[in-house]
1. Identify, from the list W168, W122, the residue that is assigned to a helix (DSSP H, G or I) and in contact with a Leu (Cβ under 8 Å, 6 or more places away or on another chain).
2. Of V107, V59, V25, which residue is open to solvent by less than 50 Å² (accessible area, probe 1.4 Å) and part of a helix (DSSP H, G or I)?
3. From the list V83, V107, V116, pick out the single residue that is under 15 Å from G45 (Cβ atoms) and at pLDDT 95 or above.
4. Among what's in the stretch 34-56 and is assigned to a loop (DSSP other than H, G, I, E, B) and either at pLDDT below 90 or within 10 Å of the chain's Cα centre (by Cα) (or both), pick the residue that is nearest to T98 (Cα to Cα).
5. Of all the residues that make up the stretch 81-104, how many are open to solvent by 40 Å² or more (accessible area, probe 1.4 Å) and either under 15 Å from L150 (Cα atoms) or among the aliphatic types (A, V, I, L, M) (or both)?
6. Give L43, L49, L69 a once-over and let me know the one that is open to solvent by 30 Å² or more (accessible area, probe 1.4 Å) and on the phi < 0 side of the Ramachandran plot.
7. Residues of the stretch 62-99 being polar (S, T, N, Q) and not in a helix (DSSP H, G or I), which ones?
8. Return yes or no: is A166 small (G, A, S) and open to solvent by 50 Å² or more (accessible area, probe 1.4 Å)?
Amino acid sequence: MMRPRPSRNPWIGTLPYALIAAGAVLRIVPHPPNLAPIGAIALFGGAVLPLPWGVAVPVAAVVLSDAVLGFYPGMLWVYASFVLIALLGGTALGQRRTVLRVAATAVGASVLFFIVTNFGEWLGPLYPHTLAGLRASYIAAIPFFRNTALSDLGYSLALFGIYESALWLARRTAPAPAHRTT
């Protein structure tokens, strides 16, 4: 899997980390349920950072924000979904980042989060461990899916847009390589 070309501009290398940190901070401020950038930072980190940092940094950002917000039962499933979303970002996007591809992958990340976390909820004590209980777990989560998909889509487009714009600007303003004359 190919990763972005290194830039001569030193701040470009730190930009993904700063954007992920900003996403974690945005998660702490009050927001409607499931309208937070956490899925987007997992997707973004997986796509722009090399492994294992592409998985570790977004998951660490979520864990740190959970340390402020408070942990709750079922977090293991949330973290597992973020690992999968980060891996999805690295495999589905990598160097092939277009607006359409980022948007489609963000929606796919929302579906992945929905499937993994609600399966985990079904395994917990709230639902009977039957097919009817599994169905009830997924049906109960449907009202939250819209905000998850909207936030993953919006924040992913914003994170990738900022990053790609910064890369473009860095390439555009970089000095031309010096030519040797002998």
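The values are calculated or read from the model by the stated rules, or taken from the named source; none is laboratory data. In this text, all values refer to a predicted model and were calculated from it rather than measured experimentally. All Cβ positions, even for glycine, are placed from backbone atoms using ideal geometry, and neighbour counts span all protein chains on display. SASA here: full protein model, heavy atoms, side chains in, ligands and nucleic acids out. Shrake-Rupley method; radii C 1.70, N 1.55, O 1.52, S 1.80 Å.
1. Result of the check over W168, W122: W122.
2. V59
3. On inspection, the qualifying residue turns out to be V83.
4. If we take residues in the stretch 34-56 being assigned to a loop (DSSP other than H, G, I, E, B) and either at pLDDT below 90 or within 10 Å of the chain's Cα centre (by Cα) (or both), then P37 is nearest to T98 (Cα to Cα).
5. 7
6. L69
7. Within the stretch 62-99, Q95, T98 qualify.
8. no
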